[in-house]
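> Handing you this structure, nothing more for now.
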Amino acid sequence: MSQMEPTLQSASRPLSGRVALVTGSSSGIGQAVAHELARRGARVAITSRTLERAQPVADEIASTGGAASAYAADLAQPAEAERLVRAVADEEGRIDILVNNAGVGMVRPSTELSLEDWNLAIALDLTAPFLCAQAAARRMIGGSGGVIVNIGSVFARVGMPQRAAYCAAKHGLFGLTKALAAEWARDGVRVVQVDPGFVRTDLVQESMRRGGFDIAQVEDRTPLGRMADPEEVAGVVAFLAGDEAGYLTGASVLADGGWVAHGGW
């Protein structure tokens, strides 16, 4: 065996030996992230509200030679974050990567936004990421460290009508990312964020339906002239989770096709 072979293998599967927990990974961006992390060698914990939704993704990954297990958790319930993280850590022996992807869209006129809907957006888009990060960090700190990647949105940077709850939660998530990064950096835990623009997912399709706009309008407003595929966002997440991004913490990467940079009509 030549001296180059281990290096080539390491380059092709740079996350080998690591355990990644991806919340909300039964569809959309989360599913794409889970597949990409597995392709890079990580063992991935797939999560959804039910095992019936999570298990097929774990099976898909296994069918392509990856390693994945399925877990059920309703992260709208605060106690579920600790239970989920404990279950994964007990089963896998560790957690090296946490991707906080689970969330909910919320398009409502602000004068009609109910407290129930406000609380749901805050619970899933802000509180759940904090509780999952807290539970994971308790296991990363004092061990080999780890990486937490929060999935934000362009609405962590800008506002838009009828998105009061969603914008508040995603702006809060960016603040949380920076605070946790500063606090845990010396403990070997990096905390970063990815802010996608409009991605071809069911969640975005529903937001467009409720918001009264369509794909053509999004593409016309986006400098790159198209929506993103989930796999494009997954590649950014996987890079941030890996060693090549080892000096990145407290930062957010916009994966929005130039949406925020444009700033016009």
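> Please list, ordered by first then second residue, the pairs with beta carbon atoms under 7 Å, 6 or more apart or interchain, first in the range 19-48 and on the phi > 0 side of the Ramachandran plot, second aliphatic (A, V, I, L, M).
Taking only residues 6 or more apart or on different chains, the pairs are 24/102; 28/203; 41/15.
> Right, something else. Since residue 169 meets every condition but one in (1) under 16 Å from the mean Cα position of the chain (by Cα); (2) closer than 24 Å to residue 42 by Cβ, which condition does it not meet?
Unmet for residue 169, out of (1) under 16 Å from the mean Cα position of the chain (by Cα); (2) closer than 24 Å to residue 42 by Cβ: (2).
> Being farther than 20 Å from residue 241 by Cα, at pLDDT 95 or above, buried (at least 20 other Cβ atoms within 10 Å of the Cβ) and of a type outside the set (S, T, N, Q) narrows it down to one residue among 34, 70, 45, 62; which is it? Walk me through it before giving the result.
On the way: 34 fails: farther than 20 Å from residue 241 by Cα; 45 fails: farther than 20 Å from residue 241 by Cα; 62 fails: buried (at least 20 other Cβ atoms within 10 Å of the Cβ).
From the options 34, 70, 45, 62, the qualifying one is 70.
Okay, residues lined up against (1) surrounded by 13 or more Cβ atoms within 10 Å (Cβ to Cβ); (2) free of Cβ contacts under 8 Å to residues at least 60 places away in the same chain; (3) of a type in the set (Val, Ile, Thr):
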{"residue": "158", "(1), (2), (3)": "yes, no, yes"}
{"residue": "164", "(1), (2), (3)": "yes, yes, no"}
{"residue": "170", "(1), (2), (3)": "yes, yes, no"}
{"residue": "174", "(1), (2), (3)": "yes, no, no"}
{"residue": "188", "(1), (2), (3)": "yes, yes, no"}
{"residue": "225", "(1), (2), (3)": "no, yes, no"}
{"residue": "230", "(1), (2), (3)": "yes, no, no"}
{"residue": "239", "(1), (2), (3)": "yes, yes, no"}
{"residue": "264", "(1), (2), (3)": "no, yes, no"}
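> Does residue 233 fit the bill of being under 22 Å from residue 96 (Cβ atoms), assigned to a helix (DSSP H, G or I) and either at pLDDT below 95 or aliphatic (A, V, I, L, M) (or both)?
So residue 233 passes the test.
> Condition test on residue 201, is it hydroxyl-bearing (Ser, Thr, Tyr) and within 21 Å of residue 248 (Cβ to Cβ)?
Criteria not met by residue 201.
> Please find, among 204, 194, 199, 218, the residue that is modelled with pLDDT under 80 and closer than 21 Å to residue 262 by Cα.
Matching residue, one of 204, 194, 199, 218: 204.
> Follow-up. Tell me the residue from 112, 183 that is acidic (Asp, Glu), assigned to a helix (DSSP H, G or I) and surrounded by fewer than 17 Cβ atoms within 10 Å (Cβ to Cβ), please.
Numbers: 112 fails: assigned to a helix (DSSP H, G or I).
None of the others qualify; the one that does is 183.
> Mind listing just one residue for me: the one in the range 62-75 that is among the hydrophobic types (A, V, I, L, M, F, W, C) and closer than 26 Å to residue 125 by Cβ and, of those, nearest to the chain's Cα centre (by Cα)?
75
> Given the criterion part of a strand (DSSP E or B) and closer than 25 Å to residue 31 by Cβ, identify the matching residue among 254, 173.
254
> Please verify whether residue 86 is more than 23 Å from residue 189 (Cα to Cα), of a type in the set (Lys, Arg) and either in contact (Cβ under 8 Å) with a residue 40 or more places away in the chain or buried (at least 24 other Cβ atoms within 10 Å of the Cβ) (or both), treating the condition exactly as stated.
Criteria not met by residue 86.
The values are calculated or read from the model by the stated rules, or taken from the named source; none is laboratory data. These numbers were taken from a predicted model, which means no experiment stands behind them. Cβ sites come from the backbone with ideal geometry, for glycine too, and all protein chains shown count toward neighbours.
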